[in-house]
1. Counting other beta carbons within 10 Å of each Cβ, put 53, 23 in order, fewest first.
2. Test of understanding: ordering 32, 38 by Cβ neighbours within 10 Å, fewest first, what list do you get?
3. In nm, to one decimal, how far is the modelled label at residue 65 from the one at residue 80, with both set 7 Å along Cα→Cβ?
4. Using a Förster radius of 25 Å, what is the FRET efficiency between residue 35 and residue 72 based on their Cβ-Cβ separation? Nearest 0.05, please.
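Just so it is clear, none of the values below were taken in a lab; they were calculated from the coordinates. Keep in mind it's a predicted model, so treat the numbers as computed, not measured. So basically every Cβ, Gly included, is an ideal-geometry build from the backbone, and we count neighbours across all protein chains shown.
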């Protein structure tokens, strides 16, 4: 299992983070020629490439921060709910056995 035993779409978290970062680096590296473009279409291509590159970097950073924070919160809620349910139903079992 990944960190904290969590998975993202069936992939352990420790594998999902590097895969997301590698994909982001490759996409950003692919946009570098367009960002640094000089020539006839540079006025058209460069701003679009800059916006795409910024979006890639921002979305990756936010998803790494918020998705994993959300996974931690959900995992904590699941653990709390499990303990509450176990305590609630285990408290009723001795009473049911006494009634028999």
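1. By the 10 Å Cβ count, ascending, the order reads 23, 53.
2. Ascending Cβ contact count within 10 Å gives the list 38, 32.
3. 2.4
4. Given R0 = 25 Å and the Cβ-Cβ separation, E is 0.10.
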